[in-house]
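The values are calculated or read from the model by the stated rules, or taken from the named source; none is laboratory data. These numbers were taken from a predicted model, which means no experiment stands behind them. Positions of Cβ are backbone-derived with ideal geometry, glycine not excepted, and every protein chain shown enters the neighbour counts.
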Amino acid sequence: MSDVVMAEIRKDYLYHLMLKGERADGRAFDEYREISLETGLIRKADGSALVRLGKTTVMVGVKIQPGEPFSDTPNKGVIITNAELVPLASPNFEPGPPNEVGIELARVVDRGVRESGAIDLESLCITPGEKVWIVFIDVHILDDCGNLMDASSLGAIAALMTATVPAAQYALGEDYPLPVKDVPVATTAVEFGDSVIFDPDTDEESVADTKLTVITTADGSICGMQKSRPGFISQDQIYRIVDIACERAKEIREKFLEV
Amino acid sequence: MIGMDEKLSFFKDGLRLDGRLPDELRPIKVEVGVLARADGSCYMEMGDNKVIAAVYGPREVHPRHLQEVTRAIVRYRYNMASFSVEERKRPGPDRRSYEVSKVSREALEPVILTSYFPRSVVDVFVEVLQADAGTRTAGINAASVALADAGIPMRSLISSCAAGKVDGEIVLDPMKLEDNFGEADVPIAMTPGGEITLLQMDGRLSKEELQRALELAKAGCQQIYEIQRKVLVDRYSHMDDAGSCDEAVAEEEI
């Protein structure tokens with residue numbers, strides 16, 4: 001949110017707090033806000049999750065429908081991820097087609113799901129070359145209080161893990177749970193001076209120099225990264241963020257996503 | 001064309017399918033000042049990638065409401081020609097190119113001294129004429145040279161390349177085949193001082209592999225920096241009094 005208008009004085013305040021090793025809401029630099037996760041709230045969706053990360057609120061709905069495969073992958077299902085930054089969620093969001101922030105968000109969420117191999121696309125094939133399951137992941141931001149990447153990614157995997165393939169509805173056999181083989185978790189940090197702050201709120205995001213999202217899998221490998229916002233980051237800082245990201249992701253995975 | 005299911009080996013006697021070593025870049029060709037109308041321009045080939053970058057500005061911002069009172073804004077448009085890829089691409093921006101444009105802009109913006117030009121815009125346009133994996137990095141390299149060619153004040157140049165993982169090995173600057181069937185892709189961009197301004201990753205890597213990938217990509221960026229620097233020095237060191245000079249071309253077989 002580079003265009004967030006924030007008083008210079010607030011920026012100054014956060015900066016001086018940071019020099020003392022503090023954050024405005026009293027968290028440690030690597031501490032997450034409280035996370036809550038509810039699944040299955042939307043009966044009409046095939047999978048859904050409501051994530052709260054502090055006051056940030058994200059609803060993710062999964063719809064699964066039969067459709068045509070891509071011609072270059074005739075025996076693979078399709079994942080389509082979309083993110084809506086609806087104007088109800090922030091004074092900075094406007095109606096209309098997704099802007100680059102929304103597109104980037106959707107593509108990073110998609111990257112986590114796809115590259116971790118969480119969804120076995122070949123198992124979503126119904127008739128090779130003709131019919132496959134298409135998994136639509138729709139991220140609906142309801143309240144943007146910072147760190148949409150982590151909240152949306154968590155919502156996406158939670159919604160997928162609780163999703164049902166609606167086979168009966170299309171006369172394709174019994175309904176069955178969508179098989180999910182890995183649990184990618186995104187962890188985002190912003191760099192602010194020499195400090196690294198995890199799970200930034202909107203104020204911290206708007207004053208940060210740069211931001212790095214690291215997506216890790218259950219076995220501790222990295223399946224996606226995205227630096228966003230202009231600004232520099234050093235190699236050492238990247239390694240530092242990756243190390244802490246792995247720890248935090250493990251905690252989140254154990255607490256919320258244990259099957 | 002190699003089929004999807006065919007198991008193919010990416011290495012033969014320690015060399016890659018195109019004869020490169022694991023830590024070797026593809027051949028690079030750079031030309032600066034290739035467009036007459038643009039304020040700065042650059043044509044670049046990295047292997048089979050052919051990209052052209054143009055810079056316009058600093059100039060007036062349209063629409064006006066985008067202007068910033070304390071600095072210039074930077075816009076970056078990455079666009080792929082419909083004929084640049086195997087199967088015709090539908091013309092115009094898609095979601096991928098929006099994302100590439102965003103991260104590329106963010107890769108260059110930190111070195112541009114935008115505070116010198118309040119209320120104005122620096123427009124960077126990158127056209128991909130032929131794509132063979134690594135178009136965003138080629139675009140950033142060309143754009144960086146084009147910005148310098150346009151005389152935009154910058155802290156430094158930006159150099160960019162990717163590292164990937166194929167057959168379990170970390171390699172520099174993956175070409176299309178390695179990218180398609182590889183296990184990971186890590187594009188980065190950095191200043192010659194090693195400050196990273198672009199970092200993306202997809203695929204699957206351990207922490208150690210990530211470190212190796214960053215080290216390789218860093219070494220690649222340093223080689224690219226030398227080429228970018230050389231082509232600019234060549235172009236501007238023998239300028240005549242009227243300010244015009246011949247086109248400079250740098251060709252490197254690395």
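Quick notes on this structure:
- Look at (1) facing chain B (nearest Cβ under 10 Å); (2) surrounded by 23 or more Cβ atoms within 10 Å (Cβ to Cβ); (3) of a type in the set (S, T, N, Q) and you find that A:Thr187 fails only one, number (1).
- Taken as a whole, segment A:196-207 holds no residue that is free of Cβ contacts under 8 Å to residues at least 60 places away in the same chain, surrounded by fewer than 17 Cβ atoms within 10 Å (Cβ to Cβ) and more than 10 Å from chain B (Cβ to nearest Cβ).
Let's see how each residue does on (1) in a strand (DSSP E or B); (2) in contact with a Pro (Cβ under 6 Å, 6 or more places away or on another chain):
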{"site": "A:Val190", "(1), (2)": "yes, yes"}
{"site": "A:Ile197", "(1), (2)": "yes, no"}
{"site": "A:Asp203", "(1), (2)": "no, no"}
{"site": "A:Val214", "(1), (2)": "yes, no"}
{"site": "A:Gly220", "(1), (2)": "no, no"}
{"site": "A:Gly224", "(1), (2)": "yes, no"}
{"site": "A:Lys227", "(1), (2)": "yes, no"}
{"site": "A:Ile244", "(1), (2)": "no, no"}
{"site": "A:Arg248", "(1), (2)": "no, no"}
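- Residues that are part of a strand (DSSP E or B), surrounded by fewer than 24 Cβ atoms within 10 Å (Cβ to Cβ) and either among the aromatic types (Phe, Trp, Tyr) or more than 7 Å from chain A (Cβ to nearest Cβ) (or both), drawn from segment B:173-225: B:Asp185
- Candidate set from segment A:219-237 (those that are without any contact (Cβ under 8 Å) to a residue 40 or more places away in the chain and more than 7 Å from chain B (Cβ to nearest Cβ)); member that is surrounded by the fewest Cβ atoms within 10 Å (Cβ to Cβ): A:Asp236
- Taken over segment B:87-101, the residue count meeting the criterion of being more than 9 Å from chain A (Cβ to nearest Cβ) and outside any helix (DSSP H, G or I) is 7.
- Selection within segment A:71-88: residues that are out of contact with any Cys (no Cβ under 7 Å at 6 or more places or on another chain) and assigned to a loop (DSSP other than H, G, I, E, B). The member of this set that is nearest to A:Leu105 (Cα to Cα) is A:Leu85.
- Restricting A:Gly26, A:Gly21, A:Gly77 to those that are touching a helix residue (DSSP H, G or I) at 6+ places or on another chain (Cβ under 6 Å) and not basic (Lys, Arg) reduces the list to A:Gly77.
- Residues (in contact with a strand residue (DSSP E or B) (Cβ under 6 Å, 6 or more places away or on another chain) and among the acidic types (Asp, Glu)) located in segment A:72-111: A:Glu84, A:Asp110
- Among the residues listed as B:Ile152, B:Ile140, the single one being surrounded by 19 or more Cβ atoms within 10 Å (Cβ to Cβ) and either in a helix (DSSP H, G or I) or within 14 Å of chain A (Cβ to nearest Cβ) (or both): B:Ile140
- Flag if B:Ala217 is of a type outside the set (Lys, Arg) and modelled with pLDDT of 95 or more: yes
- Qualifying residue in segment B:42-58 (condition: assigned to a loop (DSSP other than H, G, I, E, B), within 14 Å of chain A (Cβ to nearest Cβ) and surrounded by 21 or more Cβ atoms within 10 Å (Cβ to Cβ)): no
- Qualifying residue in segment A:168-180 (condition: over 13 Å from the mean Cα position of the chain (by Cα), within 14 Å of chain B (Cβ to nearest Cβ) and farther than 21 Å from A:Arg23 by Cβ): no
- Test for A:Lys211: is it more than 9 Å from chain B (Cβ to nearest Cβ), closer than 16 Å to B:Leu198 by Cα and surrounded by 19 or more Cβ atoms within 10 Å (Cβ to Cβ): yes
- A:Pro91 being over 14 Å from the mean Cα position of the chain (by Cα), surrounded by fewer than 22 Cβ atoms within 10 Å (Cβ to Cβ), within 14 Å of chain B (Cβ to nearest Cβ) and not in a helix (DSSP H, G or I): no
- If the condition is being farther than 13 Å from A:Asp199 by Cβ and assigned to a loop (DSSP other than H, G, I, E, B), then segment A:27-66 contributes A:Gly40, A:Leu41, A:Ile42, A:Arg43, A:Lys44, A:Ala45, A:Asp46.
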